[in-house]
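The structure appears below as structure tokens.
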Amino acid sequence: MGDIRYLVSSDRSILMEFGNEISKEINASIRYTVAKIKDDNIDGIVEMVPTYRSITINYDPLKISYSELVERLKGYEQAQTDTAGGEVNLIEIPTLYGGEYGPDIANVASNANLSEEEVIKIHTGTDYLVYMLGFLPGFTYLGGLDERIATPRLKSPRLKITPGSVGIAGTQTGMYPSESPGGWQLIGRTPVRLYSPENDPPVFINSGDYIRYVSITKDEYDRIAEEVEKGEYKVKITKVSVGDLNG
């Protein structure tokens, strides 16, 4: 990772740029820095918005100046992170692939010159790092998609996508937490509720977590959907060593 750059984003925001690529190392540094800034509770910082390779920091210039904030932020440049060890949250997402729940899986299979069953096996065979959340509350941008099933976005985006839909766009995979338009290739759907505004927090997935997709049958989908509706379903979240992850 190269030198961190500090860019003026507005009269009350700074862009802290960690690099120009998507990588686990940069993501780990961003998450570490955000956590340290929160721990230090710097007076004047209003909000932090982490992305793949940067953090936008909104601040109150009446409480802390641009130059003062930059000097404070530079103190985190020597932050040491360990992406090879440690424990992380592994979240299992039950997913029904294909058919009306994954109408574009045939596109992905054709593009990859594979069968739909092979696409499912590959997609469920990797544990995906949550690089960031965005676009919609709870929309996950996941890294680690096997290049064999990387597929371009749809030429004509859909106007309405069902919540829980799992898709592929280029070398990314992710999930739609609520109804919205979108151009990702839909390969499956989870009955798990990814965004619940009545809960605190409304989203149970965080940057730095890992997602493991688990293929389920239609009967299992219906059963889980019923449990979710009754508030009885518990998402399986376990602490695992980074070295034990798939992919």
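The values are calculated or read from the model by the stated rules, or taken from the named source; none is laboratory data. None of these values were measured; they are calculated from a predicted model. Note that we place each Cβ from the backbone using ideal geometry, even for glycine, and neighbour counts take in every protein chain shown. Keep in mind that these areas ignore ligands, DNA and RNA; they rest on the heavy atoms of the full protein, side chains included. Shrake-Rupley method; radii C 1.70, N 1.55, O 1.52, S 1.80 Å.
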Quick test of your reading of the structure: I187 fulfils all but one of (1) over 18 Å from the mean Cα position of the chain (by Cα); (2) in a strand (DSSP E or B). Name the failing condition by number.
(1)
How many residues of the stretch 201-235 are at pLDDT below 95 and in contact with a Lys or Arg (Cβ under 7 Å, 6 or more places away or on another chain)? The answer is 2
For residues in the stretch 227-247 being assigned to a strand (DSSP E or B) and of a type in the set (V, I, T), which is most open to solvent (accessible area, probe 1.4 Å)?
I237
Flag if Y97 is surrounded by 15 or more Cβ atoms within 10 Å (Cβ to Cβ), modelled with pLDDT of 90 or more and out of contact with any helix residue (DSSP H, G or I) (no Cβ under 8 Å at 6 or more places or on another chain):
no
Can you name the number of the only condition in (1) under 25 Å from L245 (Cα atoms); (2) crowded, with 17+ Cβ neighbours inside 10 Å that L69 fails?
(1)
Only one of G170, G208 is within 17 Å of the chain's Cα centre (by Cα), without any contact (Cβ under 8 Å) to a residue 24 or more places away in the chain and either open to solvent by less than 20 Å² (accessible area, probe 1.4 Å) or at positive phi (or both). Can you tell me which?
G170
Among the residues of the stretch 155-171, is there at least one that is within 16 Å of I91 (Cα to Cα), in contact with a Ser or Thr (Cβ under 9 Å, 6 or more places away or on another chain) and of a type outside the set (D, E, K, R)?
yes
Unmet requirement for G86, which otherwise passes all of (1) touching a Phe, Trp or Tyr at 6+ places or on another chain (Cβ under 9 Å); (2) under 21 Å from R212 (Cβ atoms); (3) open to solvent by 40 Å² or more (accessible area, probe 1.4 Å)
(1)
Assess whether G44 counts as being open to solvent by less than 50 Å² (accessible area, probe 1.4 Å), without any contact (Cβ under 8 Å) to a residue 40 or more places away in the chain and more than 22 Å from Y213 (Cα to Cα).
yes
Of the residues in the stretch 65-94, how many are modelled with pLDDT of 80 or more and more than 16 Å from K36 (Cβ to Cβ)?
12
Taking Y221 as meeting all but one of (1) open to solvent by less than 50 Å² (accessible area, probe 1.4 Å); (2) free of Cβ contacts under 8 Å to residues at least 60 places away in the same chain; (3) not in a strand (DSSP E or B), write down the number of the exception.
(2)
Inside the stretch 100-128, the number of residues satisfying the requirement of being open to solvent by less than 40 Å² (accessible area, probe 1.4 Å), more than 20 Å from P163 (Cα to Cα) and touching a helix residue (DSSP H, G or I) at 6+ places or on another chain (Cβ under 7 Å) is 5
Could you say which residue among L194, L142, L159, L136 is out of contact with any Asp or Glu (no Cβ under 7 Å at 6 or more places or on another chain), open to solvent by less than 70 Å² (accessible area, probe 1.4 Å) and either over 28 Å from T33 (Cβ atoms) or not in a loop (DSSP other than H, G, I, E, B) (or both)?
L142
Leading residue by the ranking (farthest from L245 (Cα to Cα)) among those in the stretch 145-156 that are outside any strand (DSSP E or B) and touching a strand residue (DSSP E or B) at 6+ places or on another chain (Cβ under 9 Å)
L154
Flagged in the stretch 1-30 as more than 23 Å from the chain's Cα centre (by Cα) and at pLDDT below 85, in numbering order, are G2, D3
